[in-house]
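Derivation of every value follows stated rules applied to the coordinates shown; laboratory data play no part. Since we're looking at a predicted model, the values are computed, not measured. Here the Cβ is made from the backbone with ideal geometry for all residues, glycine too, and neighbour counts use every protein chain on show.
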Amino acid sequence: MKHIRIWSIALSLVVLTALIVVPLVEIFVQSVYRDGELRWAALFRTLADSQLTGVMFSSIWLGLCVIAGTTALALPLAWIMVNTRIGRQKWLEIVFLIPFMTPPYIGSMGWILFMQKNGYLEQLMPGLAFLTPSFFTFGGMMMIMSLHLFPFLYLLLRGALERIGGSLEEAGAIHGAPFAYRFRRIIAPLLFSAFGMGAMLIFVKTIAEFGTPATFGKRIGYQVMTSEIHKYISSWPIDFGKATTLSSLLLTACLFIWYAQTVLNRRFTYNLVGGKGSRRSSLRMKGWTVWLCGLFVALLLLLSIGIPYFSIIAASTMKLRGVGLAWDNFTLDFYKQLLTWGSPSMKALMNSITFSLIASTIAVVLGTWFALVIQRSKTGLQRTADLFSLLPNTVPGIVMVVGLILLWNAPWMPIRLYNTGGMVVLTYVVLFVPYTVQYVKSASSQIDPSLFQAGQVFGGRPGYIFRRVLLPLIIPGMLAGWMMTFTIASRELVGSLLIMPPSVQTSATYIFAQFEQGQVSLGMAMAVVSVGLTTLMLVIIESLGSRRKWNAS
Amino acid sequence: METTDLTVRLGKFTTLLGPSGCGKTTLLRMIAGLETPDAGTIAIGGETLFAGPGSKEVPPHRRGFGMVFQDFALWPHMTVFENVAFGLRAGRRSNGIRGTVMEALDKVKLGGMAERYPHQLSGGQQQRVAFARAVAIRPRLVLFDEPLSALDAVLREEMRLEMLSLVQDMGLTALYVTHDQIEAMSMSDEVIVMNGGRVLQAGTPEQVYGLPRDPFVARFIGKSNWLIPDRVMFRPEHLLWVPEHDSEPYHSYEVEVTHVGYMGDRYELRVKTEGEAEEWTAYHQTRQSVGSKLKAYLSERRIHRLDATQ
C-alpha cells in the first residue's frame, strides 16, 4: 500500500511537470534563446523597446483602476447583503454570480452593442446619446471589467464581514462605540486582510484577461499585454520573440503577486476565536437607508446583467439592424439558421461540446488523482504537487497557451499533437484541471479521518474503503469539477483562438469571428445558445445535488 | 417571545435559567439593545431605554452596559490591553486609561499579558480578558451570555468561583444567562426560570428549588418525585428510611429497588412504589440490591403542592 502511494505521488509529479511546468519554463527559455543560441541581450533589447514597456504600463494601470472599480461596487454590496434585510433574499447570491460566469467577451459585446452609435441606448433614450463618446474610452473599459469581476471581490468581502460577524461588532456597540468608531477600529482592520487578498487577485485577473481587451480594447485602441501577445502570435508580422518576452513578463508579474498575496495572507489573517457559529448581526439599518440600499442593488443588477444580456438577446432576434428595436422587427430566424444541421455554426457548437466533454472527463480523472495525492499537503512532495496543479489558475490563460504552443510545436517534439483536436483537448485539460483539484480537495478534507478508521476497524480492505467510503463522499466534488470544466471549456476563447486546427471552429471563435466581421445577429444567437446551454446544465446538476440527503462533514 | 416582565435589582446577581432555545439569550440581547422587541419598555433606574419600536430606542452604545459573550468576541487584531481599553477610548474617557485598564487586568490576574494578542492566550485567559473588558468601563449592568459554555468542566468550576467573587467585590449588578442549573443555583441572588419564551418563576435559588410553581421548574431544577403527576411532588432527599420526627405526621411506603447507582458520597436508587405511576429517586448510605424491598417515610411538610403557591 505504501509503495503504491509513493509511486502515485512520483507519477503525478511527472505528469504535472510535463503538462504544466515544462510549457511555462519553455516560455522563459524561448525569450532568451534565439536562433539556436543563448542571448541574454535579446531579452533586454525586446524589453527596452518602448512600445512594450508602454503596453506593460497600460496593463498595470488598467489593473489598478479595476481594483478601484470593483471595490466601489463590491464593498457596498457586501455590506448591504450582510447587514440589511436584502441579504435574506437567497436568490440574489446566485444571481450575483452571473456576471462572473458570463464570458467577458460576450459581456463586452453586449455593452458595445448597447452603447455604440445608433445602439440600443440611443434607440431607447435618444437624450442619452451624448454618453457614447465618453463610453468608448478607457473609463468604459474599466467599467466593463469591473462589472465582470466584482462578484469575486464581493464573495471574499462578504465572507469576511460574516466572519467578523455578529458578536465582534456587537461587543463594540455594547462597550460604547458608535457606528463610525466601530467601523474604524473593528470592521476596517479585520476587513483589510480579505480586501488585500481580493484586490491582488482582481489585479492578476485583470491583467490576465483577454476577452475584454480583444473586443472593447481593440475598438478603442487600448492595448494591454494579453492583446499584444495575441497580436504577435496570430497576425502578420508574426513575432514569437516579442510574444514570449511579453508572456514571461506577464507570468513573472502574476507569480510575484500571487506569492506576495500568500505571504501577506499568512501574516494578516487572524484566527478568530470562539466556537459557536457566527450569528448575523442584527444592528440593521432602517427606513430610507434600506430603500437606498435596494436601489443600489437593483442598479447593479441592471448594469452587470440586465444591459449586456438585453443587448445580446435583442441583437440575436432582430430582422434588420437598421430598423432597430420594434416588435415587428422580431424574428427567431437566426436561431433556426444557427441550429440547422450541417451549417458551420452547428458544427462549431458541436465541436465545442465534444471538445469540452472529452476535456472535462479527462480533467476530472486527473484532478481527482492529484487531489487525492495532495491530501492535506503535509509533505514537501505533496505541497509541490499542490503548487503545480494550481498553477494554471494563477498563470494567465494566454501565457499557459503560449507555453503549450512553444512546447508542442517544437521541432524536436516527437508527439505530433499540434494542429489536431487532441491539442485542443490537452489545452482545455491543462487550463481547467485546477477546478477539479480544488473541489475534490475541499470535499476530501471535510471527511473526518475517523470515517476511514471505522472502515478499517470493521474489516474493510483499502480498495473496499476507497470504493465504499471515500468515493461516495468525494463524488459531489468531482461532479462540481466536471461541471465547472465543461461550462468554462465550452466557452473558452483564448486557447480556442490560438490553437484550433485550420478550419475548425468552436462556439467562442465563431462568436468572435461573426462579431468582428460577419453577421452580428448570428454571433449573438450563438452567444445566447452557448450561455443558455451551460446555464441549463448548471441548474440541472445543482438541483440534482440539492436532493442529496447527507452531508460529508 | 411571549409577554414577560422582569426586574433586576441593583447590586444583585440575577440569572436567567432555561433550556436552550427558550428565549433567554433573546431577552438578554433585547436588554442590550441588539434585538428590537415588538412592544414593551426597558428602563434602568429612572431612565427609559426602550419604549416601543419607533418611539424611543437608545442604541446599544449609549446604554452603558458591559457584556461577556458566549464566544468571548475578543477582537483578534487588538492586544489584550487594547481590547480592554476599547470601551474607554470609544467613550472618550481617555484620562488615566492605562491605570484603569491595568487595574481591570490585575483583578483578573492578567497584568503581565497586556501586550499579547487574544490567540496567544488559553481559553480561560481569553475568558478573563472578556470579563475585564466588560467591567473596565464601570458599567451600570454587566450582561453574561453563557460565558462558561465554551470552557471545559474543570476550568468552568474555577471560573465560576472567580467571576462570582469579582462581581461581588466590585459591587456590580449582573444579569447572567445560562442553561446550567448548578451555575444558576450556586451564583445567583435571584433565579428567573424561563421556558418557551415565557418566565415561569422568579425567586431566590431556595424558593425555586423548594417551592417550584410550575411542573417544568420542578423537573428542570434538581430531581423530583411525583405523588400526583404535575401537581404534588417532593425532593428525593426527603424520602427517608426512618421517620424524620416521630411527632410529625408522615406517610410510609413499601418500595422495591429497581436500579442502583453509586455516586461516591451516596447511592442513588430508583424505586417502584405500589400504586404510583412514576418511579421515584431516593438516596441511601449503603448499597442495596436490586429487587430488595424497603420501607420508606416521607414527612407531610416535605410534600409540595404546586397549585398551593400559585
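Would you mind calculating the gained length between A:Ile541 and A:Asp239 on full extension (0.36 nm times residue separation, minus the Cα-Cα distance), in nm to one decimal?
104.3 nm
Per-residue Cβ counts within 10 Å, from other chains only, averaged over B:135-146: what number is that?
1
What is the diffusion coefficient of chain A in µm²/s, taking the Kirkwood radius over Cα pairs and the Stokes-Einstein relation at 37 °C with a viscosity of 0.692 mPa s?
129 µm²/s
Looking at chain A, do any whole DSSP H helices span at least 24 angstrom along their long axis by alpha carbon and average 0.0 or above on Kyte-Doolittle, and which? Write out the running numbers ahead of the final one.
Numbers: long enough: A:50-83 (49 Å, 1.44); A:138-174 (47 Å, 0.96); A:188-208 (29 Å, 1.72); A:240-268 (41 Å, 0.72); A:344-374 (43 Å, 1.51); A:421-445 (35 Å, 1.04); A:471-489 (26 Å, 1.62); A:520-545 (37 Å, 1.92).
Those that clear 24 Å and a mean of 0.0 are A:50-83, A:138-174, A:188-208, A:240-268, A:344-374, A:421-445, A:471-489, A:520-545.
Roughly what would the spin-label model give for B:Val242 and A:Arg461, points 7 Å off Cα along C-beta, in nm?
So the two model labels end up 7.2 nm from each other.
Run the reach check for B:Lys272 against lysines, Cα to Cα strictly under 24 Å, same-chain hits fewer than 8 apart removed. What comes back?
Partners found: B:Lys223, B:Lys293, B:Lys295.
State which stretch of chain B is the longest one without any exposed trypsin sites (Lys or Arg not before Pro), exposure meaning a DSSP loop state and at most 16 other Cβ atoms within 10 Å.
Here the longest run is B:141-222.
If you restrict to DSSP beta bridges whose two residues both lie in chain B, what percentage is antiparallel, to the nearest 5?
Around 65 percent antiparallel, to the nearest 5.
Quick one: if the Förster radius is 25 Å, what FRET efficiency do A:Leu301 and A:Leu325 give, using the C-beta to C-beta distance and rounding to 0.05? Write out the running numbers ahead of the final one.
Values: r = 21 Å, r/R0 = 0.84.
Result of the calculation: an efficiency of 0.75.
Work out the FRET efficiency for A:Lys347 and A:Phe183 from their Cβ-Cβ distance, taking R0 = 56 Å, and round it to the nearest 0.05. Don't jump to the answer; show the numbers that get you there.
On the way: r = 57 Å, r/R0 = 1.01.
Computed FRET efficiency for A:Lys347 and A:Phe183: 0.50.
Is there a quick way to get the dipole size of the protein assembly as shown? I mean about its Cα centre, with the Cβ of Lys and Arg at +1 and of Asp and Glu at -1; what is the value in debye to the nearest 20?
1680 debye
Taking 2.2 N^0.38 Å as the expected size of a compact globular protein, what ratio does the Cα radius of gyration of region B:13-210 give against it, to two decimals?
Its radius of gyration relative to the 2.2 N^0.38 Å reference: 1.03.
Would you compute, for the Cα atoms of region A:178-265, the largest minus smallest coordinate along each principal axis and list the three values in descending order, in whole Å?
In descending order, the Cα extents are 63, 29, 13 Å.
Once the piece of chain linking A:Leu292 and A:Ile220 is laid out straight, how much longer is it, given 0.36 nm per residue of separation minus the C-alpha distance between them?
Additional length available on full extension: 22.5 nm.
At a threshold of 8 angstrom on Cα-Cα distance, excluding pairs fewer than six apart, so keeping six or more, what relative contact order does region B:136-198 reach in percent? If you can, show how the numbers build up before the last one.
Values: 38 pairs, mean separation 25.7, N = 63.
Rounded, it is 41 percent for region B:136-198.
Excluding residues on the same chain fewer than 8 positions from A:Lys231, give the lysines whose Cα lies under 17 Å from its Cα.
Output for A:Lys231: A:Lys218, A:Lys242.
How much net charge surrounds B:Glu47 when only other residues with a Cβ under 11 Å from its Cβ are counted (Lys, Arg +1; Asp, Glu -1)?
Details: positive: B:Lys56, B:Arg62, B:Arg63, B:Arg140; negative: none.
With Lys, Arg at +1 and Asp, Glu at -1, the neighbours total +4.
Using all C-alpha to C-alpha distances in region A:156-227, build P(r) with 10 Å bins and read off the rounded percent in each one.
Taking all Cα pairs of region A:156-227, the binned fractions are 18, 31, 18, 17, 13, 3 percent.
Among all stretches of chain A without exposed chymotrypsin sites (Phe, Trp or Tyr not before Pro) (DSSP loop, at most 10 other Cβ atoms within 10 Å), which one is longest? The partial results should precede the final answer.
Values: sites that count: A:Phe130, A:Trp341, A:Trp412, A:Phe458, A:Trp550.
Maximal segment without exposed cleavage sites: A:131-340.
Exactly which GluC sites (Glu not before Pro) in region B:112-158 are in a DSSP loop and have at most 15 other Cβ atoms within 10 Å?
Within region B:112-158, the qualifying GluC sites (Glu not before Pro) (loop, at most 15 other Cβ atoms within 10 Å) are B:Glu115.
What is the spin-label model distance, in nm, from B:Arg138 to B:Leu294 if the labels are put 7 Å beyond Cα along the C-beta direction?
Between B:Arg138 and B:Leu294, the label points sit 5.7 nm apart.
What does the helix-only formula give at 222 nm for chain B: each DSSP H stretch with n ≥ 4 adding -39500 (n - 2.57), the total divided by the residues, and the result rounded to the nearest 500 deg cm²/dmol? Display every interim value, and only then the final one.
Details: 8 runs with 81 residues, N = 310.
Computed ellipticity for chain B at 222 nm equals -7500 deg cm²/dmol.
As an exercise, use a Förster radius of 35 Å and the Cβ-Cβ distance of A:Tyr259 and B:Lys109 to find the FRET efficiency, rounded to the nearest 0.05.
Between A:Tyr259 and B:Lys109 the formula returns 0.20.
Taking the Cα-to-Cβ direction at A:Arg468 and at B:Ile182 and moving 7 Å from each Cα, how far apart do the two end points lie in nm?
Taking the two extended label points, one gets 4.2 nm.
Nearest 5 is fine: what % of DSSP beta bridges in the protein assembly as shown come out antiparallel, could you say?
Here the antiparallel bridges make up roughly 70 percent for the protein assembly as shown.
Residue farthest toward the positive end of the dipole of region B:227-309, with Cβ of Lys/Arg at +1 and Asp/Glu at -1: which of B:Thr286, B:Ser299, B:Ser252?
Value: B:Thr286.
Give me the Debye-computed log₁₀ of I(q)/I(0) at q = 0.22, 0.26 Å⁻¹ for region B:227-309, equal point scatterers on Cα only, no solvent, two decimals.
The Debye formula, applied to the Cα set alone, gives -1.10, -1.36.
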